[in-house]
Amino acid sequence: MASVLPHATVHVPGSFHPMPQEVHCTLVILGGAGDLSHKKLLPALYNLTLDGVLGPKFAIIGFSLEALDDEKYRQFAHDGIKEFSRRELTEAGWSKFAPLLHFVSGSFTEAADYQRLKQRLAEIDSQFGTGGNHVFYFAIPPQFIDQCSAALTQAGLVGPVDGNQGFTRVVIEKPIGHDLASATEINNQLSRYYDESQIFRIDHYLGKETVENLMVLRFANSIFEPIWTARFVDHVQITVAEQEGVGTRAAYYDRAGALRDMVQSHILQVLCMIAMETPRSTRPDAVRDAKLDLLLSMRPFEPADVERSV
């Protein structure tokens with residue numbers, strides 16, 4: 001996967017652990033006071049700060065409807081990090097992270113709110129020296145992607161690919177639609193506003209250390225690489241064992257189901273890492289092409305292959 005944050009994924013040779021490389025940009029989280037931000041994004045950003053990746057020229061703006069100011073948003077982040085971070089929340093770590101956090105209260109559909117966001121971005125870019133680099137993280141339901149993209153464009157917040165005033169990148173979390181037709185429609189919407197090089201579709205399973213290291217285990221290991229073939233491997237079973245239940249996501253699970261939530265995205269990505277042919281290189285496009293070749297060769301599921309309880 002290509003890096004959303006430039007210069008942030010230089011890796012130690014033979015490993016997939018990132019070396020500390022400071023990032024210069026402002027990250028705008030659309031839906032910044034939502035469940036995904038509270039449990040996942042803000043704790044992850046806190047950990048990146050501890051790793052030395054997010055330096056003095058990086059800032060975060062949460063943008064959503066909640067009536068918060070900067071201090072209340074920092075408390076929101078503090079509570080999420082304390083409960084969900086993989087590392088302990090320390091006073092020293094928080095003192096580094098808290099000043100990066102800012103908040104703009106606004107509606108996804110109101111043009112005036114995007115103008116206020118634009119003004120705040122200009123202030124923060126000047127304060128932090130981000131070079132006008134902006135990443136918009138869509139932590140929102142898919143039905144708002146088109147509206148938000150149109151509003152960002154109309155507000156002048158989507159820069160050209162080759163602009164000299166900083167880059168613009170957008171991050172889309174799965175689920176990207178609920179079937180082929182809706183996924184195609186979302187991708188068509190994105191292409192109306194952004195160049196493909198500006199769009200980053202994220203499956204967070206690819207960021208798990210075990211999944212990342214599958215590439216090293218397979219292709220950089222002289223013991224496993226020669227025998228990782230159908231001649232020597234009888235079968236592969238992928239087990240996803242999670243301790244957490246659906247929690248507050250019951251409504252989503254009733255609508256989506258486990259097959260769409262887990263198999264179509266996470267498990268197929270793991271399957272690709274296990275079964276794809278050796279990519280031409282480690283470049284993201286080459287890895288993507290190797291995955292696509294595998295998926296195109298797979299026999300489609302039949303209804304009888306799927307448990308009714310899934």
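The values are calculated or read from the model by the stated rules, or taken from the named source; none is laboratory data. As the structure is a prediction and not an experimental result, all values here were calculated from the model. No Cβ is skipped: glycine too gets one built from the backbone with ideal geometry, and neighbour counts run over all protein chains shown.
Structure notes:
Okay, residues lined up against (1) within 21 Å of the chain's Cα centre (by Cα); (2) aromatic (Phe, Trp, Tyr):
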residue	(1), (2)
HIS102	yes, no
GLY106	no, no
ALA122	no, no
PHE128	no, yes
ASN133	yes, no
ALA139	yes, no
PRO142	yes, no
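- No other residue among GLU212, GLU173 is in contact (Cβ under 8 Å) with a residue 60 or more places away in the chain, assigned by TED's automatic domain parsing to the domain that holds ASP285, charged (D, E, K, R) and farther than 15 Å from ALA150 by Cα apart from GLU212.
- Criterion (exposed (fewer than 11 other Cβ atoms within 10 Å of the Cβ), of a type in the set (Lys, Arg), assigned to a loop (DSSP other than H, G, I, E, B) and outside the structural domain of LYS174 (by TED's automatic domain parsing)) met by exactly one of ARG280, ARG231: ARG231
- Among the residues making up segment 108-118, those that are under 16 Å from GLY62 (Cβ atoms) and modelled with pLDDT of 95 or more are ASP113, TYR114, ARG116, LEU117, LYS118.
- Test: residue in segment 269-276 that is part of a loop (DSSP other than H, G, I, E, B) and surrounded by fewer than 13 Cβ atoms within 10 Å (Cβ to Cβ): no
- When SER95 is tested against (1) farther than 21 Å from TYR193 by Cα; (2) in contact with a strand residue (DSSP E or B) (Cβ under 9 Å, 6 or more places away or on another chain), exactly one condition is not met: (2).
- Unmet requirement for GLN243, which otherwise passes all of (1) without any contact (Cβ under 8 Å) to a residue 12 or more places away in the chain; (2) closer than 20 Å to ALA139 by Cα: (2)
Here's the yes/no breakdown for (1) within 28 Å of SER149 (Cα to Cα); (2) at pLDDT below 95; (3) not hydrophobic (A, V, I, L, M, F, W, C):
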| site | (1), (2), (3) |
| --- | --- |
| ALA8 | yes, yes, no |
| PHE16 | no, yes, no |
| GLU66 | yes, no, yes |
| THR90 | no, no, yes |
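- Whether a residue is outside the structural domain of GLU173 (by TED's automatic domain parsing) and more than 20 Å from the chain's Cα centre (by Cα) was assessed, and ILE267 does not pass this test.
- A search for C-beta distances below 8 Å between a residue of segment 105-120 that is surrounded by fewer than 16 Cβ atoms within 10 Å (Cβ to Cβ) and any residue that is polar (S, T, N, Q), counting only pairs 6+ apart in sequence or on different chains, returns THR109/GLN147; ALA111/GLN154.
- Enumeration of residues in segment 51-85 that are crowded, with 18+ Cβ neighbours inside 10 Å and part of a helix (DSSP H, G or I): TYR73, ARG74, PHE76, ALA77, GLY80, ILE81
- The lone exception for LEU152 - which of (1) hydrophobic (A, V, I, L, M, F, W, C); (2) at pLDDT 95 or above; (3) under 30 Å from LEU259 (Cβ atoms) it fails: (3)
- Qualifying residue in segment 239-254 (condition: in a helix (DSSP H, G or I), among the aliphatic types (A, V, I, L, M) and surrounded by 13 or more Cβ atoms within 10 Å (Cβ to Cβ)): no
- Every residue from segment 287-310 that is assigned to a helix (DSSP H, G or I), acidic (Asp, Glu) and modelled with pLDDT under 90: ASP305
- Any hit, segment 117-124, residues being assigned to a helix (DSSP H, G or I) and touching a Lys or Arg at 6+ places or on another chain (Cβ under 8 Å): no
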